[in-house]
Amino acid sequence: MPAPLVEFLQFLFSGITSGAIYALVALGFALIYNASHVINFAQGEFVMLGGMVTWALLSQGIDLPLAIAGAVALTMVVGLALEKLAIEPARNADVVTLIIITIGAGIFLRGLTSVTLGKDLHALPSFSGDEPLSLLGATIMPQSLWILGVTAGIVVLLHGFFNYTLLGKAILATSHNRLAARLVGINVSFVLLLSFGLSALLGAVAGILIAPITATHFEVGIMLGLKGFAAAILGGLGNGVGAIVGGLLLGLIESLGAGYISSDYKDAMAFVVILGVLFFMPSGLFGRRGTERV
Amino acid sequence: MLEIQGLTSHYGRIQALEGVDLTIAEGELVALVGANGAGKTTLLRCISGVQPVTGGRILFEGRDITRAAPQSRVALGICQVPEGRQVFGPLSVEDNLKLGAFRRRGKRVADDLERMYTRFPVLKEKRKQPAGTLSGGQQQMLAICRALMAHPRLLLLDEPSMGLAPLLVGEIFNTVELLKEQGTTLFLVEQNAYAALGIADRGYVLETGGVVLSDTGAALLENARVKEAYLGL
Ligand SMILES: Nc1ncnc2c1ncn2[C@@H]1O[C@H](COP(=O)(O)OP(=O)(O)OP(=O)(O)O)[C@@H](O)[C@H]1O
Ligand SMILES: [Mg+2]
């Protein structure tokens, strides 16, 4: 295959890989936004906790699969606690107040992690080795395949949950019309709790999947959270399909931009996307046609 | 069946209900009439538990439910067809109906779904379509059916005929009478006071947050004050 094409493929692979991670983070934003209209700025901390807690458990001699399960479970507990202890008691406050609470919670979680787990950078081992695979002349790391596979699996599960289960539909109903949802007997506090638990799960999984590639640190959540947010608004906040497309697009913009323009601006792309969306299409690619399926 | 004592409710500092007393017996069809802003919707929302009560009590079959969560009231059989229909627009007609039965599980839900479809064939025809694409009248039928899916023992209807063509209004009132014959207890809020009091066993007149009159439906229709204020006679 001609060299420029191979190079392009290489950028493509790396773009989809990080794009899948952004998509998971963006889905987390979408879930909570739909249930409560709150933008959860502690979403990045779920990502950070996934990676950091997995590392901490591994360093205690626990096997990788068990460490992953433990980290996901603990992050979900943190997500549920955040809803129960900080959001639920303030549920009559306006949305801006709730958003500020999530920013505070994010700062608290970063501080707590740096105190208990330290401020060092840690790499997780790749799930199935570091032997690059060759695909159409370009190379792809096995960890990238894990990322794509797990993300695809999660998307399929979420799709099934929201389209084929009554509980999933109850969540959609709540996000569309809270009053009517309460009148048919949906416990909207439970829906909110569930959305925080699910978002924490998505965040933790993203953080664990990416940690073998980019390493983890008590502050990784800041940038990953921001990029997930950029992906979410690019796709249209609260739109599930939009979150996935937005994530993949942002990943591609980043990697193609870094490859063909300059890698100095890689992290700046997310900001450019946020500003561009806010200026030129505030409702994102998939707009707000009412509340869409997640 | 339902007993309301000295109920008050506020929106911030604005008082919307100023001590409402009202009772509904099992099997009765009770109408509530009153001008715009009298507090009718607020009262129904308090009964369903989606509007904070600031004073007084609500008893359902002797049990104090003043502070009960909305979902436990639905489980007790208190269901509401809200003002303005409030269907779940992006969800399909069928999903709207299934969500009406959210508090009930089991295969009897499928039988109920069929009964709704038999009664309103247009809903069956459009069952896969987003509820938001239905016409106003069809959405009102859907909102009523959604509430019926919960097997209400007390059904609260908030202006079900609002904004509908006369033919559809007739159909709504026929449905209400049919439900009464089948034994459902009904509390009907209506702007169309003439039609509502005409089919009601008893009626209440609400003015600025308080009950000012209550009598049988027929007597209220003859009442001079009601005639002047609500029947335009
Ligand atoms: N969300 C709200 N915030 C503040 N005040 C409200 C709110 N909803 C209703 N009110 C006020 O409470 C009073 C009662 O309103 P309510 O909607 O219960 O009246 P209603 O009898 O149902 O009127 P309508 O016939 O127009 O439906 C009105 O004065 C109204 O202005
Ligand atoms: Mg009203």
**Report entry** Residue tally, condition within 16 Å of ligand 2 (Cβ to nearest atom), open to solvent by 10 Å² or more (accessible area, probe 1.4 Å) and of a type in the set (Val, Ile, Thr), over the stretch B:1-27
**Finding:** 1
Query raised in the report: Any chance the stretch A:184-191 includes a residue that's out of contact with any His (no Cβ under 6 Å at 6 or more places or on another chain), away from chain B (no Cβ under 14 Å), closer than 25 Å to A:GLY246 by Cβ and open to solvent by less than 20 Å² (accessible area, probe 1.4 Å)?
Result: no
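Could you pull out the residue among B:GLN80, B:GLN139 that is within 12 Å of another protein chain (Cβ to nearest Cβ) and open to solvent by less than 20 Å² (accessible area, probe 1.4 Å)?
Numbers: B:GLN139 fails: open to solvent by less than 20 Å² (accessible area, probe 1.4 Å).
So the residue among B:GLN80, B:GLN139 that is within 12 Å of another protein chain (Cβ to nearest Cβ) and open to solvent by less than 20 Å² (accessible area, probe 1.4 Å) is B:GLN80.
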Report summary line: Per the list (1) away from ligand 2 (no atom under 13 Å from the Cβ); (2) within 15 Å of B:THR8 (Cβ to Cβ), residue check on B:ALA31 breaks on (2)
Query raised in the report: For the stretch A:85-102, which residues satisfy the criterion of being within 21 Å of the chain's Cα centre (by Cα) and open to solvent by 80 Å² or more (accessible area, probe 1.4 Å)?
Result: A:ILE100
Query - Considering residues of the stretch B:28-63 that are aliphatic (A, V, I, L, M) and either in a helix (DSSP H, G or I) or open to solvent by 10 Å² or more (accessible area, probe 1.4 Å) (or both) only, the residue farthest from the other protein chains (Cβ to nearest Cβ) - result: B:ALA35
Query raised in the report: Can you name every residue in the stretch B:48-89 that is more than 13 Å from ligand 2 (Cβ to nearest atom), of a type in the set (Val, Ile, Thr) and touching a residue at least 24 places away in the same chain (Cβ under 8 Å)?
Result: B:VAL53, B:THR54, B:ILE58, B:VAL74, B:ILE78, B:VAL87
Report summary line: Taking the stretch A:127-160 and keeping only residues that are polar (S, T, N, Q), crowded, with 17+ Cβ neighbours inside 10 Å and more than 30 Å from A:ILE32 (Cβ to Cβ), one is left with none
Report summary line: By residue number, the members of the stretch B:190-212 that are open to solvent by less than 40 Å² (accessible area, probe 1.4 Å) and in a strand (DSSP E or B) are B:GLY203, B:TYR204, B:VAL205, B:LEU206, B:GLY210
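The values are calculated or read from the model by the stated rules, or taken from the named source; none is laboratory data. If you're wondering where the values come from, they're calculated on a predicted model, not measured in any experiment. Quick reminder, even Gly has a Cβ in these numbers, built from the backbone with ideal geometry, and neighbours come from all protein chains shown. Ligands, DNA and RNA are excluded from the accessible area calculation, which covers all protein heavy atoms including side chains. Shrake-Rupley method; radii C 1.70, N 1.55, O 1.52, S 1.80 Å.
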